[in-house]
Amino acid sequence: MEPQTPPTEGDSAPNALTARLRSLRSSTFLRHVLTLMTGTALAQIVPILARPFMTRYMYDDKQMGLYTAYLSIVAAFVTIGAARYDMAVVMPEKDGDARALVRLCSRISAGLSLVLVVALTLLRHPIANLMRQPDLAQYLPVVGIAVLAMTQLSARQYWLNRNQRYKEIARNRMGQSFTATGGQLALGLPKAFAWANFGAWGLVLGHLAGQLFSLTNLTRLTREETAPQEGDSMRAVAHEYRKMPLVNGPNAIVDTVRLNGINLLTAAHFSVGMLGQFGQAWTLLQLPMSLINGALSQVFYQKLATTPRGRMLPLIRGTVKRSLAVGFVPFALLWLLSPWFFPIFLGDGWEMSGEIARALVPWLYMNFITSPISLIFVTTKRQGTMFAHAVVFMAVPLTLIQTFHTDILATMEMVSWSMAGLLVVFVLLALWVARQYDREGGTPDLETAEAVADEAYDAQ
């Protein structure tokens, strides 16, 4: 028998590449991420194409500012709309417990929304005056309806996530986006042709139409499978997952106060028009990040919830490294091109939005890196650590805006670099939590852990 010739370096490289490509094609994680990324990308095409028409012919910066303020209030209540039980839907081993959680979320959100509709209708003028935005009063009664739609929608999306039905999530996301944008364009057309002016109502009602469409569709898809069955108990799951409202809930509230407090303080200390400029900068900068992280985080959360001890640290460490590399060039280009691109894309009068966008890049780059791994504190039940960081993360920007508000660009640069530094600390905390989680499980299975990490790396 003749001796076999060992493969040369030139022979092994194509074989290794072929094996790598085969591995990528077979990666379930990658398929799920790409499915959601495709849906997210298609869902964003229409809003992106519509944006220049809206900012040039339909809505000015004041109307955009009022819409941003309205969304801030909605987002604040959505955070507590289901008492955070919606995030627990992916966790139970039994489908019966998950079904009970979906129905629990529905009842909690319905009760809160009813209270909001009544309270914000009766107190709309005092609340708007307190926020130094009297024009905002007319939109406040709609907040309760939007909160109802968005919280119930969230619970049903987590149900689909639990069952890895990512195609349905992607299709629903596209329908929601097209409906919302179509509504905003339709209600903005009268102004474009000088027939009438719906003002910010066009933006508010279009957004609400998208949420209601999405909820109706997901309810149709999930109604039968989430219907109560014998043995399901909302009381039991409310007790079993009580840490979601008790521990994760305060953390979510703090995050909401931070993000929406920035919007409201910007309007109060500068102007509602300047809030419109800030809102456009934030929204457009979020698009490249949400395209990847919106899909990755949703799939990654399901993976984190099922990752055993001994396998967490390599997964988190590798995800951070790859996010750093993937995000560097896009965000560098955003920093270079934003002041030039924004007024060309949005039209005259939006120059400040481009300058604000440049100032926000350090913060959003680090946010891009931390977004996929942020839920490790939930899945490992270390919400207390996350809460401590969140309190500081809230206090710093609000204090800076409240103290230094003579120049919006200088203020936003200060806020952006401060938040980027705090997110570096967040990464270090996530790595520490992952290490502690693995150590509690005994000797890590490093070979398997690296394989799990590689799967996550490749998805990015």
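The values are calculated or read from the model by the stated rules, or taken from the named source; none is laboratory data. This is a predicted model, so every value here is computed, not measured. As a convention, Cβ positions derive from the backbone with ideal geometry for all residues, glycine included, and neighbour counts pool all protein chains shown.
Yes or no, residue by residue, for (1) surrounded by fewer than 22 Cβ atoms within 10 Å (Cβ to Cβ); (2) within 22 Å of the chain's Cα centre (by Cα); (3) assigned by TED's automatic domain parsing to the domain that holds A50:
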| site | (1), (2), (3) |
| --- | --- |
| A100 | no, no, yes |
| I127 | yes, no, yes |
| A146 | no, yes, yes |
| Y166 | no, yes, yes |
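To keep it simple, each residue is scored yes or no on (1) on the phi < 0 side of the Ramachandran plot; (2) outside the structural domain of G421 (by TED's automatic domain parsing); (3) part of a loop (DSSP other than H, G, I, E, B).
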site: M352; (1), (2), (3): yes, no, no
site: E355; (1), (2), (3): yes, no, no
site: P362; (1), (2), (3): yes, no, no
site: N367; (1), (2), (3): yes, no, no
site: P372; (1), (2), (3): yes, no, yes
site: K381; (1), (2), (3): no, no, yes
site: G384; (1), (2), (3): yes, no, no
site: H389; (1), (2), (3): yes, no, no
site: M394; (1), (2), (3): yes, no, no
Being part of a helix (DSSP H, G or I) and either modelled with pLDDT under 90 or among the acidic types (D, E) (or both) is the filter here, so list the residues in the stretch 400-418 that pass it. E413
Consider the stretch 42-59. How many of its residues are crowded, with 17+ Cβ neighbours inside 10 Å and either closer than 16 Å to G273 by Cβ or free of Cβ contacts under 8 Å to residues at least 40 places away in the same chain (or both)? 4
Answer yes or no as to whether A227 is outside any helix (DSSP H, G or I), more than 22 Å from the chain's Cα centre (by Cα) and over 26 Å from L114 (Cα atoms). no
Among the helices (runs of 4 or more DSSP H) lying completely within the stretch 91-206, list those that include at least 3 residues that are farther than 24 Å from Y241 by Cβ and among the small types (G, A, S). 166-192
Sort out which residues of the stretch 237-290 are without any contact (Cβ under 8 Å) to a residue 24 or more places away in the chain and part of a loop (DSSP other than H, G, I, E, B), and write them in order of number. R242
Here is a list: G421, G441. Which entry is at pLDDT 95 or above, loosely packed, with under 15 Cβ neighbours inside 10 Å and more than 17 Å from T319 (Cβ to Cβ)? G421
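Only one of I80, I145, I127 is among the hydrophobic types (A, V, I, L, M, F, W, C), modelled with pLDDT under 90 and out of contact with any strand residue (DSSP E or B) (no Cβ under 6 Å at 6 or more places or on another chain). Can you tell me which? Give the steps one after another, and end with the answer.
On the way: I145 fails: modelled with pLDDT under 90; I127 fails: modelled with pLDDT under 90.
The unique qualifying residue is I80.
Please state which one of Q152, Q164, Q157, Q176 is among the polar types (S, T, N, Q), touching a residue at least 60 places away in the same chain (Cβ under 8 Å) and in contact with a Phe, Trp or Tyr (Cβ under 8 Å, 6 or more places away or on another chain). Outline the logic, then answer.
Working: Q152 fails: in contact with a Phe, Trp or Tyr (Cβ under 8 Å, 6 or more places away or on another chain); Q164 fails: in contact with a Phe, Trp or Tyr (Cβ under 8 Å, 6 or more places away or on another chain); Q157 fails: in contact with a Phe, Trp or Tyr (Cβ under 8 Å, 6 or more places away or on another chain).
Unique residue meeting the criteria: Q176.
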Can you name every residue in the stretch 32-77 that is at pLDDT 85 or above and among the aliphatic types (A, V, I, L, M)? L49, A50, M54, M58, M64, L66, A69, L71, I73, V74, A75, A76
Of the numbered conditions (1) under 17 Å from Q383 (Cα atoms); (2) modelled with pLDDT of 95 or more; (3) of a type outside the set (K, R), A434 satisfies every one except a single condition; which is it? (2)
All but one of (1) within 27 Å of G111 (Cβ to Cβ); (2) touching a Leu at 6+ places or on another chain (Cβ under 6 Å) hold for Q176; state the number of the condition that does not hold. (2)
